[in-house]
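To start, the structure under review is shown below, and the notes come after it.
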Amino acid sequence: MSMLTAFGKLPTLNSATILLVGTNEVFQQQLAKTILKEKQDLQINIHVTTSLPLPEERDHIRPRIDLIVFTINMQSKYSFKDVEASLVHVDANFFLGKVCFLATGAGRMNRISVDMNAVWKLADLYCSPVLFCELECENIRIATAQRLLRMLQICAGHVPGISALSFSSLMKSSVDDSSLMA
C-alpha cells in the first residue's frame, strides 16, 4: 500500500483522471456515469474506491490522478471517519488544488449525522473546497458532474492560464467572502 503522489507521473495528452473516494458506491457509480455522458474533448478516466490507500500499483498500470474527490455522506458518521482516515494516504502536494470534498445528503436536515462545521473544518484544514449536492436528484447530479469536469480539466492542465492552485484559491475565497456577507 502506497501513498498517492500528485506529480509522480507525467500528464497524458488529451486525457484526465479523477479518483472518487467514498463509502456510497451506488452514488459514486451514478456520478461517474453522468460525468462520462458529458461531451468532452478529453478522454476521461474515472476510478472509484471506498477508501485509501489503493492497492500497490503493478507494472505502473495506474494512470496519473489529476483530481481526488472525497465524497462525504452527511447522513453517515462512518463516511466522514472513512474520509478522514483516507486523507493520510494522500501526498501533501495534492492539496495544492487537486482535492475537493463532495458533501451529499445535506438537504435532509432531519437525517444529518455529520456536523456541518466538521466538514468545513476538514476542508479548511486541507485547504480544499467543499461542494454540497444531492446526488439522488438527476439535475443536481448533472450540474455537479459538469462542475467536477471543469475542475478536472483545470487540475489536469488543460485550461490555459489557470492552475489548480489558483482555481482552488478562488473557490475558497468566494466561499469565505460569501460567509462575510451573510
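The values are calculated or read from the model by the stated rules, or taken from the named source; none is laboratory data. Computed from a predicted structure; not experimentally measured. For neighbour counting, all protein chains shown are included, and Cβ atoms are generated from backbone atoms with ideal geometry for every residue, glycine included.
Quick notes
- Filtering the stretch 1-29 to residues that are modelled with pLDDT of 75 or more, of a type outside the set (Val, Ile, Thr) and under 22 Å from residue 84 (Cα atoms) leaves 3, 4, 6, 19, 20, 22, 24, 25, 27, 28, 29.
- Within the stretch 30-49, the residues that satisfy the criterion of being basic (Lys, Arg) and at pLDDT 95 or above are 33, 37.
- Among the residues of the stretch 97-111, those that are surrounded by 15 or more Cβ atoms within 10 Å (Cβ to Cβ) and more than 13 Å from the chain's Cα centre (by Cα) comprise 105, 106.
- In the stretch 142-166, the residues that are surrounded by 14 or more Cβ atoms within 10 Å (Cβ to Cβ), more than 14 Å from the chain's Cα centre (by Cα) and in contact (Cβ under 8 Å) with a residue 40 or more places away in the chain: 142, 158, 163, 165
- Answer residue from the stretch 51-82, given it is among the hydroxyl-bearing types (Ser, Thr, Tyr) and out of contact with any strand residue (DSSP E or B) (no Cβ under 9 Å at 6 or more places or on another chain) and is surrounded by the most Cβ atoms within 10 Å (Cβ to Cβ) among those: 76
- Condition met for residue 76 (more than 17 Å from the chain's Cα centre (by Cα), at pLDDT 90 or above and among the small types (Gly, Ala, Ser)): yes
- Some residue of the stretch 40-57 being out of contact with any helix residue (DSSP H, G or I) (no Cβ under 7 Å at 6 or more places or on another chain) and either in a helix (DSSP H, G or I) or of a type in the set (Lys, Arg) (or both): no
- Of all residues in the stretch 58-94, those that are part of a helix (DSSP H, G or I) and closer than 17 Å to residue 16 by Cα total 1.
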